[in-house]
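Q: First the structure, which I've put down as structure tokens, then a few questions once you've had a look.
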Amino acid sequence: MIKMGKLQRLLSLNPFAFIYYNFFCRNIIRDKGKFVLPNRGSRIELDKTAKIYLHAHMLLNINKYPYSKAECYLRLRKNAELNVNGNVSLCYGGTIEVHNNARLNIGMCFIQTGTVIICAHVMTIGQGCLIARMAYISDSDHHRVVDDQGNITNWPKETFIGDKKRRVVK
């Protein structure tokens, strides 16, 4: 017998997106039994050179109000890479965007409503992160600032959030 919670979750999935992204999309490389679970209203845009490596489940557009038409967005641009290393839940109104040649590593985390995550270089969100509503997380300010000699002073930097790797200084 299927419990009502599981049945509701199955009915909220976008069946066409589920089948396409888990069985036909060449951009998604997944471990056996790991899936992208796009609920209705999930908007996914993958450049033909972008890659998603699924080592755990990724739930998109969850926690919506009944009959809501709310959306969430997942966009990977040219040569972008998204590594999902723990179960990730992206609530409605959320956005994850990985720019050209950038890499986003995500551990097990819950990303609340309205949150925007934009990766322009390299970003790691560690295991067990709970990201609040309407948070804005980025590893770049998306424009260049130059000094008097014309040198760029604000290059994007590698960003770690949560379960970050410790570095030993010798």
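The values are calculated or read from the model by the stated rules, or taken from the named source; none is laboratory data. Just so we're clear, the structure is a prediction, and the values are computed from it rather than from any experiment. Cβ: placed from backbone, ideal geometry, glycine included. Neighbour counts: every protein chain shown. In case anyone asks, the SASA skips ligands and DNA or RNA and just uses the protein heavy atoms, side chains included. Shrake-Rupley method; radii C 1.70, N 1.55, O 1.52, S 1.80 Å.
Q: Find all pairs meeting these conditions: Cβ atoms under 7 angstrom apart; at least six residues apart or on different chains; first residue within the range 49-68 and touching a residue at least 24 places away in the same chain (Cβ under 8 Å) and open to solvent by 40 Å² or more (accessible area, probe 1.4 Å); second residue β-branched (Val, Ile, Thr) and part of a loop (DSSP other than H, G, I, E, B).
A: Short answer, once both residue conditions are applied: Asn63/Thr113.
Q: For the range 5-101, list the strands (runs of 3 or more DSSP E) that sit wholly inside it and hold at least 2 residues that are in contact with a Leu (Cβ under 8 Å, 6 or more places away or on another chain) and under 19 Å from Ser138 (Cβ atoms); which are they?
A: Strands (runs of 3 or more DSSP E) meeting the threshold: 72-76, 81-84, 88-91, 95-98.
Q: I would also like to ask the following. Can you name the residue in the range 100-110 that is in contact (Cβ under 8 Å) with a residue 24 or more places away in the chain and farther than 17 Å from Leu76 by Cα and is also surrounded by the fewest Cβ atoms within 10 Å (Cβ to Cβ) among such residues?
A: The residue in question is Met108.
Q: Taking the condition open to solvent by 30 Å² or more (accessible area, probe 1.4 Å), of a type in the set (Val, Ile, Thr) and at pLDDT below 95, does Ile29 pass?
A: It is false that Ile29 is open to solvent by 30 Å² or more (accessible area, probe 1.4 Å), of a type in the set (Val, Ile, Thr) and at pLDDT below 95.
Q: Taking the range 115-134 as the region of interest, how many residues are at pLDDT below 95, open to solvent by less than 40 Å² (accessible area, probe 1.4 Å) and in a loop (DSSP other than H, G, I, E, B)?
A: Selection size over the range 115-134: 2.
Q: In the set Lys51, Lys78, Lys69, which member is of a type in the set (Lys, Arg) and in contact with a strand residue (DSSP E or B) (Cβ under 9 Å, 6 or more places away or on another chain)?
A: Lys51
Q: With the checklist (1) at pLDDT 95 or above; (2) open to solvent by 50 Å² or more (accessible area, probe 1.4 Å); (3) more than 20 Å from Lys34 (Cβ to Cβ) in hand, flag the one item Lys170 doesn't pass.
A: It is condition (1) that Lys170 fails.
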